[in-house]
Amino acid sequence: MNLLEGKRLVITGVITKDSIAFHAAEQALTHGAEVVLTSFGRVRRMTERAAARLPSEVEVLELDVNNAADLDALTESLTSKWGGVDGALHAIAFAPEDALGGRFMTAPVESASAAFATSAFSLKSLAASLLPLMGAGSSIVGLDFDATIAWPIYDWMGVAKAALESVSRYLARDLGPSGIRVNLVSAGPLGTVAARGIPGFEQLSALWEQQAPLKWDVSDPGPVASTICFLLSDMSRAISGEIIHVDGGFHAVGAPTAPACA
Ligand SMILES: NC(=O)c1ccc[n+]([C@@H]2O[C@H](COP(=O)([O-])OP(=O)(O)OC[C@H]3O[C@@H](n4cnc5c(N)ncnc54)[C@H](O)[C@@H]3O)[C@@H](O)[C@H]2O)c1
């Protein structure tokens with residue numbers, strides 16, 4: 001089924017073929033979408049290398065999401081390329097090293113603010129830059145790690161994700177009247193560059209092996225990518241301000257389940 005036929009999608013956050021956004025782009029292309037990737041600065045060559053492994057050729061546009069000139073240039077480039085945009089994936093997060101890995105009590109405000117700016121405020125920035133190009137039926141999707149509770153090691157990134165959850169609700173409020181939906185996918189742990197950069201990531205992913213009722217494969221972003229495609233498609237046309245957990249059911253249970261009696 002060509003779920004995304006005719007959709008013009010902006011996909012941020014591809015750095016390697018392990019990136020969640022890479023799998024979202026791959027599935028979106030397979031579902032008939034047109035895709036543009038964004039990347040920035042030094043990592044752009046890595047994005048271009050990953051892009052070459054997608055099923056069709058895609059353009060890579062410059063976007064440091066904290067850079068106002070890049071955001072303006074993105075609007076201009078997409079106006080001349082497509083004249084409109086039907087959907088966007090925000091797959092961007094960053095926290096300085098001293099804001100993660102068990103350093104919650106010592107992280108300076110500058111590091112917490114940097115995590116907030118790149119990982120949460122940026123959803124608003126991306127939405128604002130695409131707004132002039134989006135019409136009714138457009139969809140914005142972001143990527144979350146359940147921020148309703150405190151985790152080991154996640155520290156100020158967890159606080160930034162709580163802010164992202166709130167930003168997405170305010171965007172749903174403000175963009176809904178224009179027919180634009182905003183939703184998040186709350187993913188279980190996946191072995192990407194960003195995740196492996198968190199000291200103690202294995203500690204988190206090991207929890208999933210014990211507790212996810214459906215089991216969880218940290219090396220397979222496919223299920224998360226499929227849900228992103230669903231949210232970018234017209235199938236989700238009445239969903240906004242929502243957070244869909246794609247975590248093997250982990251969020252629904254409080255402790256590992258004992259094996260069922262035979
Ligand atoms: N991997 C996981 O376990 C997991 C779980 C839940 C949610 N997420 C979220 O998924 C999203 C994508 O991360 P990923 O795990 O695929 O890792 P990744 O390292 O593949 O992607 C992170 C991306 O953020 C981009 N980025 C960082 N700073 C940026 C900036 N200033 N401007 C533009 N882009 C910037 C990087 O270039 C990179 O492409 C993030 O929001 C992450 O928090 C990841």
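Numbers at a glance
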{"item": "The chain: Lys pairs at Cα distance under 24 angstrom, eight or more positions apart or on different chains", "result": "8"}
{"item": "By average C-beta atoms within 10 angstrom, highest first, the peptides 82-89, 147-154", "result": "82-89, 147-154"}
{"item": "Cβ charges +1 (Lys, Arg) and -1 (Asp, Glu), total dipole of the chain, debye", "result": "140 debye"}
{"item": "The stretch 1-81 - charge dipole about Cα centre, Lys and Arg +1 at Cβ, Asp and Glu -1, debye rounded to 20", "result": "260 debye"}
{"item": "Where only C-alpha atoms are counted, convex hull volume of the chain per residue in Å³", "result": "132 Å³"}
{"item": "Burial order of peptide ranges 28-35, 207-214 (average beta-carbon count within 10 Å, highest first)", "result": "28-35, 207-214"}
{"item": "Kyte-Doolittle mean at least 0.0, axial Cα span of 27 Å or more - DSSP H helices of the chain", "result": "155-175"}
{"item": "The chain: relative contact order in percent, alpha carbon pairs under 8 Å with at least 6 residues between", "result": "20 percent"}
{"item": "Extension reserve of the D98-T257 stretch, reckoned as 0.36 nm per residue once the Cα distance is removed", "result": "53.8 nm"}
{"item": "Ordering of 92-103, 234-245 by burial proxy (mean other Cβ atoms within 10 Å per residue, highest first)", "result": "92-103, 234-245"}
{"item": "Surrounding net charge for K7, when Lys and Arg each add one and Asp and Glu each subtract one, Cβ distance under 14 Å", "result": "-1"}
{"item": "The stretch 196-262-the stretch 25-98 distance, computed between alpha-carbon centres (Å)", "result": "25 Å"}
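Just so you know, all these numbers are worked out from the coordinates, no wet-lab data involved. Computed from a predicted model, the values in this text were never measured in an experiment. Don't worry about glycine lacking a Cβ; one is built from the backbone with ideal geometry, like all the others, and counts go over all protein chains shown.
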